[in-house]
1. For segment 47-63: of the residues being part of a helix (DSSP H, G or I) and in contact with a helix residue (DSSP H, G or I) (Cβ under 6 Å, 6 or more places away or on another chain), which is surrounded by the most Cβ atoms within 10 Å (Cβ to Cβ)?
2. Against the conditions (1) buried (at least 19 other Cβ atoms within 10 Å of the Cβ); (2) assigned to a helix (DSSP H, G or I), where does Gln497 fall short? Just the number, please.
3. If a residue has to be under 19 Å from His688 (Cβ atoms) and hydrophobic (A, V, I, L, M, F, W, C) to count, how many in segment 127-186 make the cut?
4. Gln248 fails exactly one of the following numbered conditions: (1) modelled with pLDDT of 85 or more; (2) closer than 30 Å to Glu700 by Cα. What is the number of that condition?
5. Under the condition of being small (Gly, Ala, Ser) and either closer than 22 Å to Leu361 by Cα or not in a helix (DSSP H, G or I) (or both), which residue from segment 668-687 is nearest to the chain's Cα centre (by Cα)?
6. Any chance you could count how many residues in segment 936-953 are of a type in the set (A, V, I, L, M) and surrounded by fewer than 15 Cβ atoms within 10 Å (Cβ to Cβ)?
7. Of the residues Ala404, Ala333, Ala338, which is buried (at least 17 other Cβ atoms within 10 Å of the Cβ), among the aliphatic types (A, V, I, L, M), touching a Pro at 6+ places or on another chain (Cβ under 8 Å) and part of a helix (DSSP H, G or I)?
8. For segment 588-614, which positions are over 16 Å from Arg437 (Cα atoms) and either in contact with a Phe, Trp or Tyr (Cβ under 6 Å, 6 or more places away or on another chain) or part of a helix (DSSP H, G or I) (or both)?
Amino acid sequence: MLTLHFANRQETLVDLLTTALGQTGGDLFAAAEVVVPSKAVARAVTLQLAQRFGICANVRFSFLAPWLWAQGTVALAAAAPGTPLPVRTADSAQAPWQPAQLAWRVLAAFHDDAWVAGHPRLARYLAQADAVTRLDLAQRVAAQVDQHITYRPDWLAAWSGGRLVLPPGTDDESWQAALWRRLQAEIADTADGAAVDPTAAHSLAAALAQVGDSPATRARLQQSGLPASAHVFCLPTIAPVHLALLQQLARWMDLHIHALNPCAEYWFDVVQPRRLARLAAAGKAQHLETGHRLLAAWGQQTQAQLAALVDACGDGVVDDDHFDPAPGSSLLATLQNAILDLQDLAPASLPLDRADRSIELHVCHSLTRELEVLHDTLLARFAEPDPPAPGDILVVLPDLEAAAPVIDSVFGTAPPALALPFTITGRAQSQVNPAARALLDALALAAARGTASAVFGLLQQPVVATRFGLDDEDLARIHGWVLDAGVHWAFDGAQRQGLGLGDDARHSWADGLDRLFLGHALPGGAGPFDGRLPAGEPEGSAALPLGALWAFLQTIDTLRLRTAHPLPAPDWPPLLLALADGLLHPDTAGADALADLRAAIQGLADLWAGVWADGAPTLPLALDVVRQALTQALDDPARGGVPTGRITFSALPSLRSLPYRMVCVLGLNDGAFPSANRPAEFDLIARHPRPGDRQRRQDERNLFLDLLLAARERLYLSHTGRSVRDNSHLPPSVLVSELLDVLVPAIDAPRAAVLAHLVVDHPLQAFDPRGFQPGGDARLRSFHGEYAAALAAGQAAAPTQVPAATGPDAGGDDDPATDGAGDDSSEEADTDETDAGSITAFFTQPLPAPTPAPLSLQQLQRFFRHPARALLQRLGLTLRQPDETLGDDEPFLADFPARQDLADRLLPPLLQAAELGTTVDDTTLATLAQAGTRLPGGPVGRQVVDAELPLLRAHAQALADAGRAQVLPPHSASLPFTIPIGGVDQPWPLDITLTGLRADGLLLHRYDDPRAADHLQAWLAHLALCASAPAGVAGRTRWLGRGARFGFRTVDDPLLLLQQLLDLWAQGQRQPLPFLPKTAWAWMAGGRSLGAARATWMASARRPFAEQADPAHRLVWRGRPDPLDGGLADFEAVSALVLEPLFAHLDDGAAA
């Protein structure tokens, strides 16, 4: 007998199920049969049974299709022994008409050029498709064939007979019909001559319908093992063919279908008012009516499903006495009860209850802010009376994989006092399984260019690094070696030659390893060997990671060579298993992770064995195709999410229909949900629909209805409704708009007041003061004590808006891109500034005065090189400079580091030759230059060397000429100075040590263009020279650079100038000193040009390395008047005090 149990609450259906399962009688050892839609529902029912009976045992949970096939074939074999059974195995891995296996047969057809040529439309698409695109199309077509088997058996019968069934001119029917016939013949040939019926379920239902109902038949069925009863629980959809099988099985067993029905009334003829109007105009509105708008709009899938169940029940029992209204009078309960009663909410029928927060829409600027707001909301909910348990809260998102890292960053990094227990369930194994991720990355690397970052990124993964015996220190050492060896991409020259780029191995891993091995074998400072400079210089036990690096690269290179061409399908599983054994450390990966990976590989092996059995020729599979197939095998959606005892984050469909006290739906952006995915253009079912067909858009709408009805106390909705760039409005999901269209008119209050109550607009930043104001909106309240303390501490400071940096942090002081006026000051208008509101100053009051102690000349030079950085260092703050990253592109231009590297190698022999009066020929120098790794290869590199050699020769000669005079011993002295501290002059000696002294003065040099820092450093040394006046040394300083030189004439009053600079140093030790070295130099060099100063200072999209972008300046000047705006007078005064004497004594044409 078939019995339908309807209820509007899942808890009621669970009670009915547990009561039925708890009844005694029948075979004590026979397992109770429960058919569920997902593992999540199975877990929930298991927990409910265990809670009620203390244990859940002897219950068999199954999915509908395999269960129906198993029971149907048992029933047919027992009831009609002479009836031939349709041939179809229940094992999905071996079922030839299952989509997973069918996709590979379709892929083989797509590689049959002769067959494809007969179908021009298909041929045109495949002609432009690569291997992975062909696999994707084959999988989509296989899924379409499965839909045809389930929903269109009449089409298949016609296609088998060579007939087309759709209107003439229908695109894609001809090639799908031909593909069907090909697959049918192919599968029949692989089954030892037995016809495998692809429409076996239809045939089985028809065969069962012909079986009589005699006592002898029932006796045979009782002895066959057919269960006496079974329960089908909470399936959102049941295909017509499956419903027909349920009808037949219900003749011989007690079959209970437990279905969620959101409405207690007869609503199967309810349609939306707009649709009813269209049908009435067409004369097709008989027996149709309108009801609750949301139920009619969102519940069409459930409506069709329930109507089909009632029709199939026939003379069975419909148990529909289990409709329970939602308790309470909240807005959520009222809406749910209106759906239950099939009554629209009347306009202005509900009061505006500001304490009612059962339905809320939170509008944020990003997904990160959505999660931050949710975190604060949950903290507030747990602080209220009768808080839910963490396991009573469900959070769902349309794209769980994209959101998972953000979830971890918000919920996983909260301070201990604010930490909440949470779990992300149902994630793809290819993302969370460390063994699977490493293996997939290795496969991707074998098919790629072998870039430095990708190779090192794989080696860095703990499961790989541990396998090769590497720890964090070893990895850091290898990172430095790779940089020093100049590795950028390609495993060797042969790989580059295969790409048509010549066989030059420079910047490849093979070349890098050669240089590193040379560095290990040769003594430090050795010259080129075989055209290569040694690199890294690994020594002793510190060289052990070099062997591990070689072994790792050998593993990947062997894989690359082995998979360079497509391999037969049976060859792939052993290769993948061997790679896993050689690449992955079992203890680090974990037994479960490795077991899941090996199971996925074995699943592919079984799948391919079923497709290409009995020695049939196999389709060679490319590496990219196998990687995609393995990823999909790992990410099998059947795994799904499961309920947990923590706050559960999952994908939208994973925990469908399960009740929670609080349901939170995040990411409800326009186009994200319902998804904008349209049916494939070759989807004939979508173009010619029938009642009972599953439609993705209807399914997603019904899913949102299920989430609304599953919330017991609170429905929390959230979306990114404001642009993070300009705060402009962004629309929510159409489902959210439809919900508000129902709720807003139903509340008796002005529309603006209702929207202000239901929709919560959140500020851009989590530390916005509105989240901490006493008496402010409780819905904006933040629990972050650190932000509250920081805001309280900064309330006394006068806020001043400072434009945000728009580009990367500024590089080092020697970066040539950061000096000089550069672009026109009009670039300032291009700055992309974000209105971040008022910013509290970092320095709100001066620091305590430094303790008197001797100051060295080097300290004073470092201070004027970067006063902001020096001030932060006094606080113990050293802003971390970004690590040098591995470059994936070989150099194409000679940048500043390349020129410096060239100078470091060529200047010593040139200087030695100049001092001896000899020369070094250009060929020798060119060979030495090309032995490095920083210069571009080929003609560009040679051109750089040719251009740089004259400058290097001239620089070496200038140094040799200047150095012919005898070098005097270093000169040290202590110059007495005082600095006023608290109104009292404190003694403050300046200790100096000068090297490079000669009778004609001080000689300084650096192979580079002179910059502001060079002038300042030389000026301070020159003042120290003039102030200490060492005997026998002229008061003159010369600086030699790359094709440029400058000097300083004797200063008459050096002590006075040094005293002024020391006073500025003391000021800069307590508060920001308005001296910006590069900007001040541009201002003075440009004749006090404010335009030149702003062009050097202001950061913009085209000048991301301007001085303003330096992180030290951003922090020190935060919340203070901009030095070139409100603080212009101080900037000009200090810059003039420092630079006017320098320029007055500067001699740009100083002779060597």
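1. Step one: list which residues in segment 47-63 are part of a helix (DSSP H, G or I), which gives 47-53.
Narrowing further to those that are in contact with a helix residue (DSSP H, G or I) (Cβ under 6 Å, 6 or more places away or on another chain): 48-49, 52.
Working: Gln48: 17, Leu49: 21, Arg52: 15.
Within segment 47-63, the match that is surrounded by the most Cβ atoms within 10 Å (Cβ to Cβ) is Leu49.
2. With respect to (1) buried (at least 19 other Cβ atoms within 10 Å of the Cβ); (2) assigned to a helix (DSSP H, G or I), Gln497 is out only on (1).
3. Within segment 127-186, residues that are under 19 Å from His688 (Cβ atoms) and hydrophobic (A, V, I, L, M, F, W, C) number 17.
4. It fails just one condition, (2).
5. First, pick out the residues of segment 668-687 that are small (Gly, Ala, Ser): 671-672, 675-676, 680, 686.
Adding the requirement that they be either closer than 22 Å to Leu361 by Cα or not in a helix (DSSP H, G or I) (or both) leaves 671-672, 675-676, 680.
Working: Gly671: 20, Ala672: 17, Ser675: 20, Ala676: 21, Ala680: 27 Å.
It comes out as Ala672.
6. Number of matching residues: 2.
7. Ala333
8. Result: Gln602, Gly603, Leu604, Ala605, Asp606, Leu607, Trp608, Ala609, Gly610, Val611.
The values are calculated or read from the model by the stated rules, or taken from the named source; none is laboratory data. Computed from a predicted structure; not experimentally measured. FYI the Cβ positions are ideal-geometry reconstructions off the backbone, even for glycines, and counts take in every protein chain you see.
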